[in-house]
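Okay, structure first, notes after.
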Amino acid sequence: MQIHQRQIDGVFIEHAAPQGEPVAAPIVFVHGGSHGSWLWENWLPYFAATGRHCYAFSWFNHNGSKELPEEQFVQRSIQEVTEELGTVVAHAAEAPVLIAHSMGAIAVQKYAESHDVVAQILLAPIACQEVGNEPMPVPIDMTKPFPPMPYEMAYDWFLSGCTEKDARRYHSLMPNESPKAVWEVASGGAISVDRTRLGGPMLMVGAENDIVVPADVVRRSADYFGADYLFLPGKAHSMILEPGWRQTADRLLSWLAHATW
């Protein structure tokens, strides 16, 4: 399946189109911290083949999207990613299903506070302020972009379960991150989400071996938001990239078929 790439208003967008007329709402995929649209390289064609327009994009200062001045980037909050998300949804020209990973989940929730969405699927979603998580001992210099972790640490945090060949390729693609965004996660949950403003069905997915957002935190988030919950035994934080990703995608597709109309 051909993936079309373009930049709109500085946002790098990848688009996979269904064969024939779409049978359901488009899907917009939202990556997490230190990642880019490449996170969805398997999922984009997979979901498009089910009859949906599918879009993945990179946040500003991430793979392929425009570079903000450093003094602006270092102060950028996760919730400001709603700007790029809004650009992609406007391009899709229809209320979407939003599928997000990790940090991207907060951006999706903040977007959904004030926009119509068909459904939300949040994979290893970081905790909002109301749910909270244990602070992480991550040294952060708030005056400089947060660099990619060394390979061994990145493997433990993000890529465990991947083959070494894939893990090293993904690690080579990891960009700098906003230190403010990293702090918003490491502090234990700094962004407030108004659950009374969120509409449509929601699924939250936790993974047994995730050390970034442990499954029990995802379960508490699901309880707080009244979301459906899926637990994935044997999976880690990057369940999207690990071998067996197709089985995970199959389960999400099954949920979408039953939870939306």
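So here's what we get for this one:
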| quantity | calculated |
| --- | --- |
| Test: residue in the range 159-169 that is surrounded by fewer than 19 Cβ atoms within 10 Å (Cβ to Cβ), among the β-branched types (Val, Ile, Thr) and farther than 24 Å from Ile27 by Cα | yes |
| Per-region count, the range 123-156, residues among the aliphatic types (A, V, I, L, M) and at pLDDT 95 or above | 7 |
| Residue check for Gly244: within 29 Å of Asn63 (Cα to Cα) and over 17 Å from the mean Cα position of the chain (by Cα) | yes |
| In the range 86-101, the residues that are under 18 Å from the mean Cα position of the chain (by Cα), within 23 Å of Leu252 (Cα to Cα) and not aliphatic (A, V, I, L, M) | Pro96, His101 |
| Any hit, the range 170-191, residues being over 24 Å from Ser114 (Cβ atoms), in contact (Cβ under 8 Å) with a residue 60 or more places away in the chain and in contact with a Leu (Cβ under 8 Å, 6 or more places away or on another chain) | yes |
| Among residues of the range 48-64, those that are under 12 Å from the mean Cα position of the chain (by Cα) and either closer than 29 Å to Val23 by Cβ or in contact (Cβ under 8 Å) with a residue 40 or more places away in the chain (or both), counted | 3 |
| Cβ-Cβ under 9 Å pairs, at least 6 apart or on other chains, the range 4-15 side under 10 Å from Ser37 (Cβ atoms) and in contact (Cβ under 8 Å) with a residue 60 or more places away in the chain, far side assigned to a strand (DSSP E or B) and basic (Lys, Arg) | Ile13/Arg6 |
| Whichever residue in the range 49-65 is crowded, with 23+ Cβ neighbours inside 10 Å and hydrophobic (A, V, I, L, M, F, W, C) and, among such residues, is farthest from Arg246 (Cα to Cα) | Trp59 |
| Test: Gly199 is surrounded by fewer than 20 Cβ atoms within 10 Å (Cβ to Cβ), farther than 21 Å from Ala249 by Cα and either of a type in the set (Val, Ile, Thr) or touching a residue at least 12 places away in the same chain (Cβ under 8 Å) (or both) | yes |
| Unique match (being of a type outside the set (A, V, I, L, M) and surrounded by fewer than 21 Cβ atoms within 10 Å (Cβ to Cβ)) among Glu184, Glu208 | Glu208 |
| Identity of the residue in the range 196-239, out of contact with any strand residue (DSSP E or B) (no Cβ under 6 Å at 6 or more places or on another chain) and among the β-branched types (Val, Ile, Thr), that ends up farthest from Met103 (Cα to Cα) | Thr196 |
| One residue from Pro147, Pro96 being surrounded by fewer than 24 Cβ atoms within 10 Å (Cβ to Cβ) and of a type outside the set (A, V, I, L, M, F, W, C) | Pro147 |
| Among (1) touching a strand residue (DSSP E or B) at 6+ places or on another chain (Cβ under 9 Å); (2) within 29 Å of Ala95 (Cβ to Cβ) - the single one Val193 does not satisfy | (1) |
| Boolean, Lys165 is touching a residue at least 60 places away in the same chain (Cβ under 8 Å) and of a type in the set (Lys, Arg) | no |
| Criterion (more than 19 Å from the chain's Cα centre (by Cα) and either in contact (Cβ under 8 Å) with a residue 24 or more places away in the chain or surrounded by fewer than 19 Cβ atoms within 10 Å (Cβ to Cβ) (or both)) met by exactly one of Pro69, Pro45, Pro26 | Pro69 |
| Test: residue in the range 216-235 that is β-branched (Val, Ile, Thr) and out of contact with any helix residue (DSSP H, G or I) (no Cβ under 9 Å at 6 or more places or on another chain) | yes |
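The values are calculated or read from the model by the stated rules, or taken from the named source; none is laboratory data. In this text, all values refer to a predicted model and were calculated from it rather than measured experimentally. Methodologically, a virtual Cβ is constructed for each residue, glycine included, from the backbone with ideal geometry; neighbour enumeration extends over all protein chains shown.
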